[in-house]
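> To start, I am sharing the structure in question, which I have written as structure tokens.
The values are calculated or read from the model by the stated rules, or taken from the named source; none is laboratory data. Values in this document were obtained by computation on a predicted structure and should not be read as measured data. Positions of Cβ are generated from backbone atoms using ideal geometry, with glycine treated the same way; all protein chains shown enter the neighbour counts.
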Amino acid sequence: MRYSFRSLARPLAVLSIALMAPGAASAQPAVMTFIPIACATGPGGANSVTSPYTEAGFTLSAPQPATWCASSPNYAGPGMFINHIFATASLTKSGGGTFSIDGISLAHLFAGTFGAQDFTFIGNLYGDGTISQTFTIPAQSGPDVFTPYVFDAGWTNLTSVTFAPQEFYQFTNVVLDATATTVPEPASMALLGTGLIGVFGAVHRRRRNESA
């Protein structure tokens with residue numbers, strides 16, 4: 001005897017509701033704000049940072065990195081800056097592995113001091129190849145502020161991101177692994193298997209009882 005989908009609708013619906021419970025959690029993007037170290041001593045001057053610096057599961061390596069959490073309008077802070085002229089910084093996933101980068105906020109080092117500045121980022125792709133993108137910070141004559149910039153869709157499957165040598169800039173809100181998708185946890189997968197076994201077991205028993 002054949003059974004239609006209707007006969008399975010209720011048990012499958014119950015199973016679906018169970019799988020939508022907190023068992024199948026969605027991975028959240030990591031954001032490097034540098035606030036934990038920038039504001040450790042409160043608003044004020046610059047704080048030297050030991051390189052490499054690690055936050056939110058990612059590592060920043062650069063010569064003479066520093067932060068500040070200043071309340072003066074001359075500084076966009078809190079954020080990170082590289083206290084070295086034309087230094088190169090690099091970003092990797094702590095412990096290794098590939099990642100994606102979605103966005104970053106950039107600012108001049110001081111308000112009213114610089115004209116427009118171009119900032120180029122180079123991504124090293126897993127396997128082979130690179131990708132690059134340049135953001136331009138407009139000239140500012142008033143209070144210094146961070147401007148958010150978004151990377152193109154191709155900035156995934158990266159092994160590292162290099163900040164091309166630049167002069168006098170600061171950055172924050174580095175958004176990483178923003179493309180992570182919902183992956184069922186092992187407990188959810190076990191629940192799925194158990195639920196399907198129960199559904200089809202019920203159908204088998206019904207068939208056997210009706211044929212008896």
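> Of the residues 112, 96, which single one is at positive phi, surrounded by 13 or more Cβ atoms within 10 Å (Cβ to Cβ) and in a loop (DSSP other than H, G, I, E, B)? It would help to see each step written out before you state the result.
Working: 96 fails: surrounded by 13 or more Cβ atoms within 10 Å (Cβ to Cβ).
After applying the criteria, what remains is 112.
> In addition: Being touching a strand residue (DSSP E or B) at 6+ places or on another chain (Cβ under 6 Å), touching a residue at least 40 places away in the same chain (Cβ under 8 Å), assigned by TED's automatic domain parsing to the domain that holds residue 167 and over 20 Å from residue 165 (Cβ atoms) is the requirement here; does residue 76 meet it?
On the way: touching a strand residue (DSSP E or B) at 6+ places or on another chain (Cβ under 6 Å): yes; touching a residue at least 40 places away in the same chain (Cβ under 8 Å): yes; assigned by TED's automatic domain parsing to the domain that holds residue 167: yes; over 20 Å from residue 165 (Cβ atoms): yes.
Considered against the rule, which asks whether it is touching a strand residue (DSSP E or B) at 6+ places or on another chain (Cβ under 6 Å), touching a residue at least 40 places away in the same chain (Cβ under 8 Å), assigned by TED's automatic domain parsing to the domain that holds residue 167 and over 20 Å from residue 165 (Cβ atoms), residue 76 comes out as yes.
> Same structure again: Checking the condition at pLDDT below 75 and either out of contact with any Asp or Glu (no Cβ under 6 Å at 6 or more places or on another chain) or of a type outside the set (Val, Ile, Thr) (or both), which residue from 202, 164 passes? First the steps, then the outcome.
Details: 164 fails: at pLDDT below 75.
Going through 202, 164 in turn, the sole match is 202.
> Okay, next question. Sort out which residues of the range 51-88 are at pLDDT 90 or above and among the β-branched types (Val, Ile, Thr), and write them in order of number.
Residues satisfying the conditions are 54, 59.
> Shifting gears a bit: What is the one condition in (1) of a type in the set (A, V, I, L, M); (2) at pLDDT below 90; (3) part of a strand (DSSP E or B) that residue 91 does not satisfy?
Unmet for residue 91, out of (1) of a type in the set (A, V, I, L, M); (2) at pLDDT below 90; (3) part of a strand (DSSP E or B): (2).
> Can I ask one more? On the basis of being under 25 Å from residue 178 (Cα atoms), modelled with pLDDT of 85 or more, among the aromatic types (Phe, Trp, Tyr) and out of contact with any Lys or Arg (no Cβ under 9 Å at 6 or more places or on another chain), does residue 119 make the cut? First the steps, then the outcome.
On the way: under 25 Å from residue 178 (Cα atoms): yes; modelled with pLDDT of 85 or more: yes; among the aromatic types (Phe, Trp, Tyr): yes; out of contact with any Lys or Arg (no Cβ under 9 Å at 6 or more places or on another chain): yes.
Yes: the conditions hold for residue 119.
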